[in-house]
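Bear in mind these aren't lab numbers, they're just calculated from the coordinates by the rules spelled out. Note that the structure is predicted; figures quoted are calculated from it, not measured. Quick reminder, even Gly has a Cβ in these numbers, built from the backbone with ideal geometry, and neighbours come from all protein chains shown.
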Amino acid sequence: MKDVCILGIETSCDETAAAVVVNGREVKSDRIASQIDIHTIYGGVVPEIASRKHVEKITGVVGLAMKDAGVQASDIDAVAVTYGPGLVGALLVGVSFAKALSFAWKKELIGVHHIEGHICANFIEYPSLTPPFLCLVASGGHSHLVHVREYGVYEIIGQTRDDAAGEAFDKVARVLGLGYPGGPAIDRAAREGNAEAFSFPQAKIPDAPYDFSFSGLKSTVLNLVNRMRMQDLARREEASQAELPVADLAASFQKAVVDVLCTHTMEAAREYDCAKIAIAGGVASNTALRAALSAACEAEGKDFYAPKPLLCTDNAAMIASAAYFSYLAPALSQDAPTRRAGLDLNACPNLSLGTRERRFHG
């Protein structure tokens, strides 16, 4: 079969990315223009600024990706782009640019779900990986447990009811004075702390045992920090953040998040009889989570898949990979939907993934 070469474009949040991927697993180039330094000033992503920076960067980033891969427009079989979920302004930049290329180059246009892209990062890291498997997708905007039944066929068996795991990391890091992005900052601080110093709540939802809820945990940490500062103010007549046991708080908070993510994942893997467990998304870079799931999988004889950190963050290689399996549908699976799109493709900031199965227990 002829090789399929796909140009992927990703602009769902604050990373302007482009990549060229062959056959869904061989990365020829992967360029990313990060905006972290800009948004760090504000303690989080400012949507309007992110959109403007995408406009400034996207032409250069796509050009560099094509140059790095050593390909011309004639070598490209399809143009893939994230069309949701994400920040609507940011998504529109990528979608508009991809539609223009598709029209000018007379190439197929494929819309890709951002979460599907994260899942498919595992196919790049592990070329021999095939469905079915269970994937924990944890990032700043998403916390999902997804049963990958076949290529392009997804069943959501658990998702967040409020804050995503990465969002909770960012907010706790901010109140602890650790800066943005919060995930890596908490991870670093936790290495110096005692994870048993504080006991934080781990929410369990009775009618949806695989769903997540991190708002209560986040609020508990924030309230505790505020009480500590008030007590310090009463003692010394001035609040000093340096008096906070930051490392212990970070370690205890991180442990609470990791325990919930790991427990839900392993319980779902048993019920769905999944011998393979993968992780994806920015929070999948967390060293404690990777270690905990790796140990749990080893104890139960399950295979564990964790992409390298660069593939866990937003990138275009994962988008091109996901597009490949859509490009070949339904050749790969009769149930797999094709996401080949027309020039009417639009940004969908609240785009859903697959089907949602809610199992009631008890």
message: Over segment 133-306, how many pairs of lysines fall under 29 Å by alpha carbon, counting only those 8 or more apart in sequence or from different chains?
response: 11
- request: With a point put 7 Å past each Cα toward its Cβ, work out how far ASN226 is from THR59 in nm, to one decimal.
  value: 4.8 nm
Ordering of 111-119, 272-280, 249-257 by packing [mean C-beta count within 10 Å, highest first]: 111-119, 249-257, 272-280
message: Could you compute the net charge surrounding PRO201? Neighbours are other residues with a C-beta less than 13 Å from the C-beta of PRO201; K and R count +1, D and E count -1.
response: +2
message: I'd like the distance separating the alpha-carbon centroids of segment 251-284 and segment 161-202, in whole Å.
response: 17 Å
query: For helix 47-69, what angle does its Cα long axis make with the longest principal axis of the chain, in degrees from 0 to 90 and rounded to 10?
result: 50 degrees
query: In degrees between 0 and 90, to the nearest 10, how far off the longest principal axis of the chain does helix 88-105 point, with axes built from Cα atoms?
result: 20 degrees
- line: When the charge dipole of segment 133-306 is computed with +1 at the Cβ of Lys and Arg and -1 at the Cβ of Asp and Glu, the Cα pointing farthest to the positive end, of SER139, PRO209, ILE157, is that of SER139
- line: Net charge near PRO127 (other residues with Cβ under 15 Å of its Cβ; Lys, Arg +1; Asp, Glu -1) is 0
field: trypsin sites (Lys or Arg not before Pro) restricted to segment 1-65 and DSSP loop, no more than 11 other C-beta within 10 Å
entry: LYS2
field: 10 Å binning of all Cα-Cα separations within segment 133-306, expressed as whole percents from 0 upward
entry: 10, 38, 32, 14, 5, 1, 0
query: For the chain, what is the calculated [θ] at 222 nm in deg cm²/dmol (nearest 500), taking -39500 (n - 2.57) for each run of four or more DSSP H residues and dividing by its residue count?
result: -14000 deg cm²/dmol
task: Any chance you could give the angle, 0 to 90 degrees and rounded to 10, that helix 246-271 forms with the longest Cα principal axis of the chain?
output: 50 degrees
Values of log10 I(q)/I(0), in the order q = 0.12 Å⁻¹, for the chain under a Debye, Cα-only, solvent-free model: -0.87
